[in-house]
Amino acid sequence: MIQRGMDTIDSVRDLFEDSLEEFVMERSSMAREEPAMSLAMEILMAGGKRYRPILGLLAYEASGGEDISEAMGLAISAELLHTATLIHDDIYDQTKTRRGRPTLHLSHGLAHAIIAGDYLFVLGFELGAKHSSRIVKIVAESCAGIASGELKQFRHIGDLATTPEDYYAIIDGKTAGPFSAGCECSAIIAGANEGDVGRMRDFGMEVGRAFQIVDDLLDLTGDESMGKPKGTDVHEGKMTLPLIHALTMLHGPDREQLADVLTNFSDRRWEELIELINKSGSLDYAKQLICNHLDRGLDLIRGLPESRAREMLAEVVEISRNRES
């Protein structure tokens, strides 16, 4: 049985990291899997904040779960599936770095990266399939949502007419859905009543939406410590919330200028872009939406019984509110 020792967020992260490393070493020791795992582990074990598994483990305890080992497999599954999507994201975005290191397709070639991502998807579903058919269905629907969200995002690359509704359809599939599924499944495993299961599902959705909007802001205001160059989304033509809002709020010459900047973007137009976004108030607008989503998330978990795990879920919310990388 895994020891609890979950009184701080860092201790939860450490517990997860130890379990993930044990899982990776176990699979690496299997001759048939060693080539694939040795490749996939380059990004899997390269760090990261581990927000998804941390939220899942805390959701389990906050929902009344008593043996954290019951939820650990699902937490590892969430991280495997997330890492698989990152590998594939990097391929079609042609990203050069991930978590401060060269991406797999850059260092090992396209074919190897595709195989590594596929391998992690298989492992993720293997772990998820150890649970009830209800959980398998939720995980499968979440992964289908990721695919749909990615395709919707492709359709809106460079589309200056992208609406906030389009944007939320994209991020609910790509980011918020997996957060929501992880929290919901953890509550189910914990044996929570349907009301608390629903609260955890909705909590994950709100935190996931906020998490993605923070990422959008950091693409405009962050630095290289994020693990990817600032302005990556703009270069790729992705219509993030601050850009959508700015295009809506600006009028006349300012709107025409912003459209030209986005259509013909280069690094030399960076200051021009930021000046227009500041003029539109879009950064403050995005920050307010982040607070709205996180406040709704806090309201949802207040309906759970008091516990240290519930307190730590609230701490994660505040970390998300103030995240800078």
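When you scan the range 175-189, how many residues do you find that are closer than 18 Å to SER69 by Cβ and either in contact (Cβ under 8 Å) with a residue 60 or more places away in the chain or among the aromatic types (Phe, Trp, Tyr) (or both)? Walk me through how you get there before you give the answer.
Step one: list which residues in the range 175-189 are closer than 18 Å to SER69 by Cβ, which gives 182, 185-189.
Now drop any that are not either in contact (Cβ under 8 Å) with a residue 60 or more places away in the chain or among the aromatic types (Phe, Trp, Tyr) (or both), which leaves 182, 185-187, 189.
So the count comes out to 5.
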**Asked** Is it the case that LEU151 is closer than 25 Å to ASP267 by Cα and in a helix (DSSP H, G or I)?
**Response** no
**Restricting the range 133-163 to residues that are touching a residue at least 40 places away in the same chain (Cβ under 8 Å) and within 17 Å of THR263 (Cβ to Cβ), the residue that is surrounded by the most Cβ atoms within 10 Å (Cβ to Cβ)** = THR162
**Request:** Could you list all residues from the range 279-315 that are small (Gly, Ala, Ser) and free of Cβ contacts under 8 Å to residues at least 40 places away in the same chain?
**Result:** SER280, GLY281, ALA314
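Do you know which of the residues in the range 268-304 that are assigned to a loop (DSSP other than H, G, I, E, B) and of a type outside the set (D, E, K, R) is surrounded by the most Cβ atoms within 10 Å (Cβ to Cβ)?
Just the residues of the range 268-304 that are assigned to a loop (DSSP other than H, G, I, E, B), to begin with: 281, 302-304.
If we keep only those that are of a type outside the set (D, E, K, R) too, we end up with 281, 303-304.
Numbers: GLY281: 15, GLY303: 12, LEU304: 21.
Checking each candidate, the answer is LEU304.
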**Complete:** Screening SER186, SER132 for residues that are modelled with pLDDT under 95 and under 30 Å from GLU306 (Cβ atoms) leaves only SER132
**Asked** Do we find a residue being buried (at least 16 other Cβ atoms within 10 Å of the Cβ), closer than 23 Å to GLY149 by Cβ and touching an Asp or Glu at 6+ places or on another chain (Cβ under 9 Å) anywhere in the range 248-259?
**Response** no
**Prompt:** Under the condition of being aliphatic (A, V, I, L, M) and closer than 14 Å to SER63 by Cβ, which residue from the range 305-315 is surrounded by the most Cβ atoms within 10 Å (Cβ to Cβ)?
**Reply:** LEU313
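The values are calculated or read from the model by the stated rules, or taken from the named source; none is laboratory data. The structure presented is a predicted model; accordingly, all values stated were derived computationally and were not measured. Here Cβ is always computed from backbone atoms with ideal geometry, including for glycine, and neighbour counts include all displayed protein chains.
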